[in-house]
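The values are calculated or read from the model by the stated rules, or taken from the named source; none is laboratory data. Note that the structure is a prediction, hence the values are computed from the model and not measured. So basically every Cβ, Gly included, is an ideal-geometry build from the backbone, and we count neighbours across all protein chains shown. These area figures cover heavy atoms from the full protein model, side chains too; ligands, DNA and RNA do not enter into them. Shrake-Rupley method; radii C 1.70, N 1.55, O 1.52, S 1.80 Å.
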Amino acid sequence: MPPSAAPAVEVDAAGRPVRVSSPDRVVFPALGITKLQVVEYFLAVGDGILGALLHRPTTLERWPKGFFDGAVMATRADSRGDAFYQKRVPQGAPEYVETATIAFPSGRTAAEVAPTELAVVAWAANLGTLTFHPWPVRRDDVEAVDQLRIDLDPQPGTTFDDAARVAPVLREVLGELGLTGYPKTSGGRGLHVFVPIAPRWSFAQARRATIAIGRELERRLPDQVTTRWWKEERGERIFVDYNQMARDRTIASAYSVRARAQATVSAPLTWDEVGTVRPADFDLTTMPARFAEVGDLFAPLRADRDPALDCSLDAALELARRDEEEHGLGDLPYPPEYPKMPGEPKRVQPSRDRDRPRDDAEDGGPGQAPR
């Protein structure tokens with residue numbers, strides 16, 4: 001007979017006891033990390049992870065069986081899987097788990113977990129949550145975006161190092177637009193840069209500003225950066241994933257653990273570190289010591305931050321206006337599950353668009369990898 005599971009234990013989450021069931025369940029077999037150790041990790045970086053999630057509607061990425069070789073994520077098309085995204089607060093949640101009602105692009109609504117204290121993070125980790133995906137809004141106004149999130153996404157043939165080489169130019173562009181960026185590793189191959197903005201911008205405005213920033217970055221680094229939505233057009237470049245600012249699209253929070261064999265985490269960085277570190281430098285075992293040493297580098301992004309840290313999107317939106325009026329550069333495609341949006345171009349893969357005029361891109365010229 002298999003050995004019985006260890007009895008549940010209680011941990012102290014900033015003064016509130018939280019029960020951890022099956023504490024010895026192995027979550028990361030390659031490292032022998034248990035569920036209790038995952039919970040203890042989140043408590044060790046408590047101020048940071050709570051700051052990243054505080055008052056924000058948050059999707060839980062749950063791996064109740066742990067992460068193992070061959071594990072797969074459930075999808076809309078196939079609900080079977082070893083892990084899933086929890087967008088609605090689970091039944092039986094403790095009374096201290098508060099929520100916020102958000103609306104999806106379909107118009108449907110849901111009550112999502114909106115953490116207000118560290119115990120909520122520990123409770124979610126006990127449910128198998130490794131990665132937290134907070135919205136860029138606060139629970140008191142879920143239509144007002146207060147973070148601009150720029151995702152530098154390496155495409156096949158590129159790496160984190162390529163994203164790191166792009167980052168200083170992105171910082172330069174942001175500075176010219178009056179925006180202050182804070183970088184972090186994604187915990188995978190990518191690099192994220194977050195900007196605190198005054199909570200008075202819509203999702204459409206934030207996405208439009210991100211497109212303008214991406215296009216300016218593309219103009220300065222045409223061989224290294226792309227804003228092309230269709231993968232067949234991106235080539236070996238860093239994709240500025242502007243649709244991460246669309247409604248219901250979220251990015252892994254700072255300090256989240258990623259579902260990878262080495263239990264890497266999404267680590268806030270200083271700008272000086274961006275070109276000198278690797279994502280593998282930061283994992284569940286090393287991050288607590290780093291956090292104790294450098295503190296929360298993402299504190300300026302907290303929902304309860306000093307409003308003096310907030311930036312304005314006015315200059316970025318003016319850049320978007322000039323792009324449209326002077327260069328004819330309008331909107332870009334939304335994700336496929338979205339309804340057709342006002343001003344959106346035709347949402348069809350270029351190689352399947354019979355109405356698309358041929359140009360040098362059809363022969364592998366600028367803007368598209370050779371076929």
Practice task
Out of the residues in segment 234-248 that are open to solvent by 10 Å² or more (accessible area, probe 1.4 Å) and touching a Pro at 6+ places or on another chain (Cβ under 8 Å), state the one that is farthest from residue 146 (Cα to Cα).
Solution key: 236
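Condition check ((1) open to solvent by 20 Å² or more (accessible area, probe 1.4 Å); (2) assigned to a loop (DSSP other than H, G, I, E, B)) across all residues:
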| position | (1), (2) |
| --- | --- |
| 12 | yes, no |
| 18 | no, no |
| 27 | no, no |
| 48 | no, no |
| 55 | yes, yes |
| 60 | no, no |
| 65 | yes, yes |
| 68 | yes, yes |
| 75 | yes, yes |
Exercise for the section: Could you please let me know if residue 147 is farther than 19 Å from residue 257 by Cα and surrounded by fewer than 20 Cβ atoms within 10 Å (Cβ to Cβ)? Expected result: no
Exercise for the section: Would you confirm whether any residue within segment 193-211 is under 17 Å from the mean Cα position of the chain (by Cα), over 24 Å from residue 256 (Cα atoms) and of a type outside the set (Gly, Ala, Ser)? Expected result: yes
Practice task
Take segment 77-104 and flag every residue that is open to solvent by less than 50 Å² (accessible area, probe 1.4 Å) and within 18 Å of the chain's Cα centre (by Cα).
Solution key: 83, 86, 102, 104
Exercise for the section: Select, from 62, 19, 25, the only residue that is touching a Phe, Trp or Tyr at 6+ places or on another chain (Cβ under 7 Å) and not hydrophobic (A, V, I, L, M, F, W, C). Expected result: 62
Fill in the blank from the handout: Exactly one of 95, 61 is in contact (Cβ under 8 Å) with a residue 40 or more places away in the chain, at negative phi and among the acidic types (Asp, Glu), and that one is 61
Practice task
Restrict the check to segment 205-228 and report whether at least one residue is in contact with a Lys or Arg (Cβ under 8 Å, 6 or more places away or on another chain), open to solvent by 10 Å² or more (accessible area, probe 1.4 Å), charged (D, E, K, R) and in contact (Cβ under 8 Å) with a residue 60 or more places away in the chain.
Solution key: yes
Handout entry: Yes/no for residue 266 being at negative phi, buried (at least 22 other Cβ atoms within 10 Å of the Cβ) and either small (Gly, Ala, Ser) or modelled with pLDDT under 95 (or both)
Key = yes
Practice task
Return a yes/no flag: does segment 50-72 have any residue that is polar (S, T, N, Q) and more than 21 Å from residue 186 (Cβ to Cβ).
Solution key: no
Problem - Filter pass, residue 159 being at pLDDT 95 or above and surrounded by fewer than 17 Cβ atoms within 10 Å (Cβ to Cβ) - result: yes
Completion exercise
Scanning segment 122-151 for residues that are over 29 Å from residue 179 (Cβ atoms), among the aliphatic types (A, V, I, L, M) and not in a loop (DSSP other than H, G, I, E, B), the one nearest to the chain's Cα centre (by Cα) turns out to be 130
Problem - Count of segment 143-165 residues which are of a type in the set (Val, Ile, Thr), within 23 Å of residue 246 (Cβ to Cβ) and touching a Lys or Arg at 6+ places or on another chain (Cβ under 9 Å) - result: 1
